[in-house]
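Data block below; observations after.
Derivation of every value follows stated rules applied to the coordinates shown; laboratory data play no part. All of these numbers come straight from a predicted model, not from anything done at the bench. Using ideal geometry, Cβ is built from the backbone for each residue, glycine included, and neighbour counts are taken over all protein chains shown.
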Amino acid sequence: MDLRSRKLLDKTFSGMGFFSIGMLMLSLIIILAPIFIKGTGAFLFKGTIEFRKFNFEQFNRGKKTDLLKEEFKTGEARKYIYDLISKFEEQIEKDDIPDAYKYEDELEETIYHIKELLGPFPGEESPVMMRDRYGASRWDKAKEIRDRILFVETWDYSDKSSMGKLTLTPRINNFRGTILENMFPYLENNLDKLMLPQITFYWNFFFDKSFDSHLFGGIGPELLGTLYLILGTMIFAIPIGIITAIYLTEFAKPGKIINFINISISTLAGVPSIVFGLFGLAFFIMTIKVSNSKSVLAGSLTLALLVLPTIIRASEEALKSVPLTYKEAALSLGAGKIYTIFKVILPAALPGILTGIVISMGRAAGETAPIIFTAAVSVGNPLKLFETLSQPTPALSWNIYNLVTEHESVESIRHVQFGMVFALVLLVLLLNLTAIILRARISKKLRG
């Protein structure tokens with residue numbers, strides 16, 4: 001091959017490499033941008049007076065005098081709505097309205113949505129459920145509820161070729177000629193006075209516990225539980241993985257037994273994660289009983305088995321990549337084999353070992369199936385360190401799945417779902433960044 005053709009091929013391959021890197025970066029942006037944009041909405045949003053009331057009553061945050069002033073303002077604005085409903089109900093009871101029975105169901109539904117928006121009516125006892133104790137705490141949700149008050153959703157199935165067409169009918173049409181007719185334009189034009197929205201930076205979203213199945217509060221227990229699981233997994237997996245890799249590269253002699261071990265490690269890497277979860281339940285909990293039921297300890301042991309093949313293989317390759325001259329120089333100076341491995345070879349292989357550990361941490365943080373049976377619960381309080389030996393914990397990966405698929409009010413907590421995904425991705429990125437910085441410092445130190 002002549003020089004010109006070689007240069008052309010070099011440029012072609014270089015261009016393809018840069019193109020691939022660019023496509024990878026673009027893919028990451030396309031995938032992560034919506035997560036970060038919508039995830040930010042979990043802690044940066046317009047909060048209403050109901051949100052500030054919740055924070056003061058549950059966490060004693062904010063000034064009581066400021067809250068009382070806001071309650072006075074909204075109380076004045078809301079009084080008009082309460083008075084209209086009260087007078088309308090009195091007219092129905094006194095039979096002052098013709099065919100009053102026609103309004104009962106529609107009035108009941110309207111009142112239900114108004115309580116969703118504004119909370120309990122004045123004079124009512126405080127409801128037991130948190131969701132009934134406060135109105136809409138976020139401005140976007142307040143506008144959604146307002147629309148449900150103003151319009152009735154109906155489906156038109158007259159066209160048999162389609163699945164049905166959604167139509168919105170003004171609810172005011174159902175109350176024409178009554179005193180309640182005046183409420184709907186008032187609600188439409190004065191929502192800001194009723195709710196007092198303000199830009200809110202709710203950084204405690206990452207530390208507060210949740211209330212009423214994540215309808216209020218934050219994701220503190222889930223974030224802490226995920227950190228516990230990652231830490232426990234690494235405590236068990238890293239020593240076993242590195243020691244196994246050292247044995248396979250420095251001490252094991254080729255033979256049937258070693259071949260069988262290598263095949264087993266490779267097979268273990270391809271086992272579906274749900275199988276690890278069932279194994280963890282059967283072995284760690286039901287057989288050797290590391291805990292009486294689900295626990296962080298059982299989940300960490302299960303995840304450790306899951307990531308063990310990755311750590312072993314990455315450590316093996318890192319140890320094999322250390323130049324043979326390092327070992328020969330140490331041995332020629334009189335160093336023993338153990339000393340040479342732990343003082344010369346292992347430090348030189350540490351950057352590559354860290355790569356395997358980083359990948360393993362990311363997988364441990366994002367796995368759902370193994371912890372369903374061994375460690376995770378839907379809701380719970382933050383665990384103390386000693387409680388991880390016997391207690392289960394909420395975790396980001398499991399709770400994301402649970403909130404998206406099984407929550408009764410899935411549309412009302414979209415911000416929590418994206419907030420959890422945002423926290424999980426950010427956690428993995430921070431772990432990776434920390435490992436990259438540590439690996440770079442170790443490599444620089446090794447180069448002298």
Lysines whose Cα lies under 22 Å from that of Lys343, excluding same-chain neighbours fewer than 8 positions away
Lys320, Lys327, Lys444, Lys445
Select from Pro382, His407, Thr178 the residue farthest towards the positive end of the dipole of the chain; place +1 on Cβ of Lys and Arg, -1 on Cβ of Asp and Glu, and compute about the Cα centre.
Pro382
Just to be sure I understand the curve: with the Debye formula and one point per C-alpha of segment 330-375, what is log10 I(q)/I(0) at q = 0.19, 0.22 Å⁻¹?
-0.68, -0.76
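Which of Thr110, Thr368 comes first, and how do the rest follow, when ranked by fewest Cβ neighbours within 10 Å?
Result, fewest neighbours first: Thr368, Thr110.
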Using the Kirkwood radius built from alpha carbon pairs, what does the Stokes-Einstein equation give as D for segment 360-421 at 10 °C and 1.306 mPa s, in µm² per second?
127
Determine the percent antiparallel among the DSSP beta bridges restricted to the chain, to the nearest 5.
95
Value of Rg to Rh for segment 220-446 (Rh from inverse mean 1/r over Cα pairs, i.e. Kirkwood)
1.04
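So if each residue of separation counts as 0.36 nm, and I subtract the Cα-Cα distance between Asn292 and Met129, what length gain in nm does that give? Walk me through the intermediate numbers first.
Working: separation 163, 0.36 × 163 = 58.68 nm, distance 3.15 nm.
Net length gain for the segment: 55.5 nm.
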Give me the compactness ratio for segment 209-251, meaning the Cα radius of gyration over 2.2 N^0.38 Å.
1.97
In Å, the C-alpha Rg and Dmax of segment 333-446 are 19.8, 70
Net charge dipole size for the chain [Lys, Arg +1 and Asp, Glu -1 on Cβ; Debye, nearest 20]:
3540
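Please get the size of the charge dipole for segment 90-221, origin at its Cα centre, with Cβ charges of +1 on Lys and Arg and -1 on Asp and Glu, quoted in debye to the nearest 20.
On the way: 16 positive and 25 negative charges, 142 e Å.
For this selection, approximately 680 debye.
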Residues whose built amide H sits under 5 Å from the amide H of Val152, excluding neighbours closer than 5 in sequence, are Thr169, Arg171
Let's test this: bin the Cα-Cα distances of segment 270-342 at 10 Å from zero up to the farthest pair and state each bin's percent.
17, 30, 18, 19, 15, 1
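Counting only Cα atoms, I'd like the Rg/Rh figure for the chain, Kirkwood definition for Rh. Working shown, then result.
Working: Rg = 30.7 Å, Rh = 27.1 Å.
We get a ratio of 1.14 for the chain.
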Quick one: which residues, 5 or more positions from Thr200 or on another chain, have an amide H under 5 Å from its amide H? H modelled 1.01 Å from N in the peptide plane, none for Pro or chain starts.
Phe45, Lys46, Gly47
What is the set of long-range amide H partners of Phe216 at a cut-off below 5 Å, with H atoms built 1.01 Å from backbone N?
Phe211
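When N counts the residues of segment 45-201, how does its alpha-carbon radius of gyration compare numerically with 2.2 N^0.38 Å, as a ratio? Spell out each step's value before the answer.
Values: Rg = 17.7 Å, N = 157, 2.2 N^0.38 = 15.0 Å.
Scaled against compact globular proteins, the figure is 1.17.
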Roughly how compact is segment 115-218, stated as its Cα Rg over 2.2 N^0.38 Å to two decimals?
1.38
Interatomic Cα distance distribution for segment 1-99, bins of 10 angstrom, percent:
11, 17, 15, 14, 13, 9, 8, 7, 4, 2, 0
If you line up the long axis of helix 256-269 against the longest principal axis of the chain, both from Cα atoms, how many degrees apart are they, to the nearest 10?
20
